[in-house]
1. Which residues, taken from the range 167-201, are among the polar types (S, T, N, Q) and closer than 13 Å to GLY95 by Cβ?
2. Of everything in the range 157-175, what is part of a loop (DSSP other than H, G, I, E, B) and aliphatic (A, V, I, L, M)? Give them in sequence order.
3. Taking the range 60-88 only, how many residues are in contact with a helix residue (DSSP H, G or I) (Cβ under 8 Å, 6 or more places away or on another chain) and either modelled with pLDDT under 75 or of a type in the set (D, E, K, R) (or both)?
4. Yes or no: ALA205 closer than 24 Å to SER78 by Cβ and in contact with a Ser or Thr (Cβ under 7 Å, 6 or more places away or on another chain)?
5. Being under 14 Å from the mean Cα position of the chain (by Cα) and in the same structural domain as VAL155 (by TED's automatic domain parsing): is that true of GLY106 here?
6. Do you know which residues across the range 85-104 are in contact with a Gly (Cβ under 8 Å, 6 or more places away or on another chain) and surrounded by fewer than 21 Cβ atoms within 10 Å (Cβ to Cβ)?
7. Does ASP91 count as in a helix (DSSP H, G or I) and among the charged types (D, E, K, R)?
8. Quick check, is PHE154 touching a residue at least 12 places away in the same chain (Cβ under 8 Å) and either under 21 Å from ALA227 (Cβ atoms) or buried (at least 16 other Cβ atoms within 10 Å of the Cβ) (or both)?
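The values are calculated or read from the model by the stated rules, or taken from the named source; none is laboratory data. Everything numeric here is computed off the predicted structure, so don't read it as measured data. No Cβ is skipped: glycine too gets one built from the backbone with ideal geometry, and neighbour counts run over all protein chains shown.
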Amino acid sequence: MLVPTSVSIDQRVRRARDSSVAQNILTFGADVSDEKLNESANRKVDMRRLIYCAGLLTLLCGAAVAEAPAGMVLYFQSGGEVYLLLAEHADSDRGWAGFGGGAMEGESVAQTAARKAQEESRGYFKAADLLKKIKKLEPVMDGDFASYFVEVPFVPVPWVMNHPIPADNDAYAERGTFAWIPYSAIENMLSEGIDRKKKYVIDPASLPKGSQTQWFWPIWLGNLRKAVVTKSLPW
């Protein structure tokens, strides 16, 4: 009877051993499976973070290189007075203002200002000439809008208004009537904050016949006032 008992014990040992090995294998497999799941989850989290950071970097870089709007005020001086070459917006109730607008891709603010001055003066003043004049100048910043002030020789208004423009570029026809308006007619309006909903009426004596609007564009007045506040006017 001892032998069967010994065999029984051996069988039990083998069974226990086999059971233990199987359990270890199962446990190891479970650990490996959990490890893989955790690794996969961590990889997904890392990927989300990478995508988020890449998107944020793209936005920041885009903001850093975004082209800013810019403009230019052309003026001449005579008899102790400063005269600004202004024009009213064609087919619009904006009113009178200097020249300016949005940038084209890759332009600097100086290039934008010079181009807009050329276009909105019907091509009479050339961007290349204006760029030379502002090469070493810092613009006056009003928010993201950059303003330059450029002294030019006097030219009769009809020479500007009748200057031929390209037939295939509407930008040269953005302005209607032009006038040299004395700064003294604007100065008092700049003594306090500009109300962008208000129409700042121009002295009729400063306007030519045929004008469709009799007020300054308040957005432009705000840009001009910024130059006054920062003491950046060149005259």
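1. THR177
2. Correct list: ILE165, ALA167.
3. Result for the range 60-88: 2.
4. When the stated conditions are applied, ALA205 does not pass them.
5. Values: under 14 Å from the mean Cα position of the chain (by Cα): yes; in the same structural domain as VAL155 (by TED's automatic domain parsing): yes.
Yes.
6. Across the range 85-104, the qualifying residues are HIS89, ALA90, ASP91, GLY101.
7. Working: in a helix (DSSP H, G or I): no; among the charged types (D, E, K, R): yes.
No: the conditions fail for ASP91.
8. Values: touching a residue at least 12 places away in the same chain (Cβ under 8 Å): yes; either under 21 Å from ALA227 (Cβ atoms) or buried (at least 16 other Cβ atoms within 10 Å of the Cβ) (or both): no.
Considered against the rule, which asks whether it is touching a residue at least 12 places away in the same chain (Cβ under 8 Å) and either under 21 Å from ALA227 (Cβ atoms) or buried (at least 16 other Cβ atoms within 10 Å of the Cβ) (or both), PHE154 comes out as no.
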